[in-house]
Amino acid sequence: AQKITQTQPGMFVQEKEAVTLDCTYDTSDPSYGLFWYKQPSSGEMIFLIYQGSYDQQNATEGRYSLNFQKARKSANLVISASQLGDSAMYFCAMREAEGATNKLIFGTGTLLAVQP
Amino acid sequence: DTGVSQNPRHKITKRGQNVTFRCDPISEHNRLYWYRQTLGQGPEFLTYFQNEAQLEKSRLLSDRFSAERPKGSFSTLEIQRTEQGDSAMYLCASGERTGLPSNEKLFFGSGTQLSVL
């Protein structure tokens, strides 16, 4: 069964520094997608970045990059040059390609606080 | 493109009352999802539609919950005889599948926060 684990309930980072948010996953499907979402206090889930299981290179989107280590089943999010507006909950999520379900499953999230 | 819209933003109700939430997805998206999120947890899948067809329901969705998407556009989620345990944020998302099934990106609304007293 698919599973997402985020072991960091909360993290602090200084403004302008880089931060890594951890995510590990479990699946028996060879084809899957990994996603990161940001949820500010307003509640909306904002899509940040996507990595396909067959992608050869790590995904990047502006200041966000995904450190994909397939053998370790990890998909850590790296935020470079943190900004105060990055303070939010961050969720890692996964969807399998095969099987009867199409749902995106989420981890429990990491609360990031950026300090000035 | 105005994004995914959910109404109301907040709903306070007494136990035993019925409530209905509405979701307007991004217009060109044919897939619509409902999730529930409680404090300190990630969103949990409830159900999803492809056009007007409801293709999957979670076992979390008791028979007090019903969702519809009558014309393949907006969707409603109704909870009958609400219980205190129904208090949560109800999130709607829409997406359009292109390519592999696994790469569908979901776009979420701001959610409806339900409080059952």
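The values are calculated or read from the model by the stated rules, or taken from the named source; none is laboratory data. Keep in mind that what you see is a predicted model, and the values were worked out from it rather than measured. Reconstructed Cβ throughout: ideal geometry from the backbone, glycine too, with neighbour counts over all protein chains shown.
May I ask you to verify whether B:T13 is away from chain A (no Cβ under 14 Å) and surrounded by 15 or more Cβ atoms within 10 Å (Cβ to Cβ)?
Yes.
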Failed item, numbered, when A:A75 is tested on (1) surrounded by 13 or more Cβ atoms within 10 Å (Cβ to Cβ); (2) not in a strand (DSSP E or B):
(2)
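Being modelled with pLDDT of 95 or more and among the basic types (K, R) is the requirement here; does A:K103 meet it?
Working: modelled with pLDDT of 95 or more: no; among the basic types (K, R): yes.
Taking the combined requirement at face value, the residue does not satisfy it.
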Taking the range A:57-111, which residues are among the hydroxyl-bearing types (S, T, Y) and either more than 14 Å from chain B (Cβ to nearest Cβ) or touching a residue at least 24 places away in the same chain (Cβ under 8 Å) (or both)?
A:T60, A:Y64, A:S65, A:S74, A:S80, A:S82, A:S87, A:Y90, A:T108, A:T110
Please determine, by comparing only the residues of the range B:19-45 that are within 13 Å of another protein chain (Cβ to nearest Cβ) and of a type in the set (S, T, N, Q), which one is farthest from the chain's Cα centre (by Cα).
B:Q41
Just for the range B:77-105: of the residues that are among the β-branched types (V, I, T) and surrounded by 15 or more Cβ atoms within 10 Å (Cβ to Cβ), which one is nearest to A:R95 (Cα to Cα)?
B:I79
Counting only strands (runs of 3 or more DSSP E) entirely within the range A:1-50, those with at least 1 residues that are of a type outside the set (S, T, Y), within 11 Å of chain B (Cβ to nearest Cβ) and touching a helix residue (DSSP H, G or I) at 6+ places or on another chain (Cβ under 9 Å) are A:32-39
Find the strands (runs of 3 or more DSSP E) located wholly in the range B:60-117 whose residues include 3 or more that are out of contact with any His (no Cβ under 7 Å at 6 or more places or on another chain), away from chain A (no Cβ under 14 Å) and more than 30 Å from A:S53 (Cβ to Cβ), and list them.
B:65-68, B:75-79
